[in-house]
């Protein structure tokens, strides 16, 4: 069975200070329903009929899925994108196939500006058979998850040198060998989530985005070169012990 659930992951400090009342929606009785950041988790089953997710994709999305080389890649793309459409449809009050998605310059799915609410933001991340979706109504949001995989030590060292600040590298050097991979993934997901929230993606100078404070305290604030402030929080998905992170741009 398809496992799609909403997570409650906000640490207390983050929930009090960073997740105020957001994107209001009218309810049937004329009132307003308000929401904090919503994070949805999809756990893809090994073998289930997921045709209902494929059927809501548009032509461009089906073409993209068809161009992928492996069956597993095609299945994952169709399921993860179809689930995104079902999630956003619940917020927009439309059918999943009518969600106005398009690709931005980096190929990421975004709501068409002429069709979607300007204050509804979302972010998507997937690793192995897991996908996370963050939906926020106060500004840009970013989410990232990494399921731990076996990695050669030389490959990990190369990533550490390219992606982590000098202080982060020193922090990792003090950790036990058995903990270094997951600690690196924790820092990496914080940086990735922040880069998604800023919109810079892989153009972000990751070595300049120190995230040790967030790992130590459960959240931190990070200011980009333009002066925008982002709040970040790490968390862990169980039972996979998968490091993940959420980042939000704070309103001025």
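Within the range 93-111, restricting attention to residues that are outside any loop (DSSP other than H, G, I, E, B) and touching a helix residue (DSSP H, G or I) at 6+ places or on another chain (Cβ under 8 Å), which residue is modelled with the lowest pLDDT? Talk me through it step by step, then tell me what you get.
Taking the range 93-111 first, the residues outside any loop (DSSP other than H, G, I, E, B) are 96-98, 101-103, 109-111.
Restricting the remaining residues to those that are touching a helix residue (DSSP H, G or I) at 6+ places or on another chain (Cβ under 8 Å) gives 96-98, 101, 103, 109, 111.
Working: 96: 90, 97: 93, 98: 93, 101: 92, 103: 84, 109: 89, 111: 90.
Only one residue fits best here, namely 103.
Please state which one of 233, 195, 175 is farther than 15 Å from residue 126 by Cα, assigned to a helix (DSSP H, G or I) and in contact with a helix residue (DSSP H, G or I) (Cβ under 7 Å, 6 or more places away or on another chain). So that I can check it myself, show each step before the final result.
Working: 233 fails: assigned to a helix (DSSP H, G or I); 175 fails: assigned to a helix (DSSP H, G or I).
Selected residue: 195, the only one of 233, 195, 175 that is farther than 15 Å from residue 126 by Cα, assigned to a helix (DSSP H, G or I) and in contact with a helix residue (DSSP H, G or I) (Cβ under 7 Å, 6 or more places away or on another chain).
What pairs come up if the first residue lies in the range 82-111 and is over 19 Å from residue 54 (Cα atoms), the second is modelled with pLDDT under 90 and not in a helix (DSSP H, G or I), and their beta carbons are under 6 Å apart, counting only those six or more places apart or on different chains?
That search, which allows pairs on different chains as well, returns 104/110.
The rows are residues; the columns are (1) under 24 Å from residue 121 (Cα atoms); (2) assigned to a helix (DSSP H, G or I); (3) touching a helix residue (DSSP H, G or I) at 6+ places or on another chain (Cβ under 9 Å).
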site: 143; (1), (2), (3): yes, no, yes
site: 148; (1), (2), (3): no, no, yes
site: 155; (1), (2), (3): no, yes, no
site: 169; (1), (2), (3): no, yes, yes
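Which condition from (1) in a helix (DSSP H, G or I); (2) surrounded by 18 or more Cβ atoms within 10 Å (Cβ to Cβ) is the one that residue 159 breaks?
Every condition holds for residue 159 apart from (2).
Taking the range 32-72, which residues are part of a loop (DSSP other than H, G, I, E, B), modelled with pLDDT of 85 or more and in contact with a strand residue (DSSP E or B) (Cβ under 8 Å, 6 or more places away or on another chain)?
From the range 32-72, those part of a loop (DSSP other than H, G, I, E, B) are 36-37, 44-50, 55-58, 68-70; that's our starting set.
Next, only the ones that are modelled with pLDDT of 85 or more stay: 55-58, 68-70.
Result: 58, single match.
Of all residues being at negative phi and out of contact with any helix residue (DSSP H, G or I) (no Cβ under 7 Å at 6 or more places or on another chain) in the range 221-230, which is surrounded by the most Cβ atoms within 10 Å (Cβ to Cβ)? Just the residue, please. Even if it seems obvious, please write down each step before you answer.
Just the residues of the range 221-230 that are at negative phi, to begin with: 221-226, 228-230.
Narrowing further to those that are out of contact with any helix residue (DSSP H, G or I) (no Cβ under 7 Å at 6 or more places or on another chain): 221, 223, 225-226, 228-229.
Values: 221: 13, 223: 10, 225: 9, 226: 6, 228: 15, 229: 13.
By that ranking, first place goes to 228.
Conditions: (1) within 16 Å of the chain's Cα centre (by Cα); (2) modelled with pLDDT of 80 or more; (3) assigned to a strand (DSSP E or B). Residue 6 meets all but one. Number of the miss?
(2)
Within the range 198-211, restricting attention to residues that are at pLDDT 85 or above and not in a helix (DSSP H, G or I), which residue is nearest to residue 120 (Cα to Cα)? Quick ask: steps written out before the conclusion?
Here is the first cut: in the range 198-211, the residues at pLDDT 85 or above are 198-199, 206-211.
Narrowing further to those that are not in a helix (DSSP H, G or I): 199, 209-211.
Numbers: 199: 15, 209: 26, 210: 28, 211: 27 Å.
By that ranking, first place goes to 199.
The values are calculated or read from the model by the stated rules, or taken from the named source; none is laboratory data. Computed from a predicted model, the values in this text were never measured in an experiment. Note: ideal-geometry Cβ built from the backbone for every residue, glycine included; neighbour counts use all protein chains shown.
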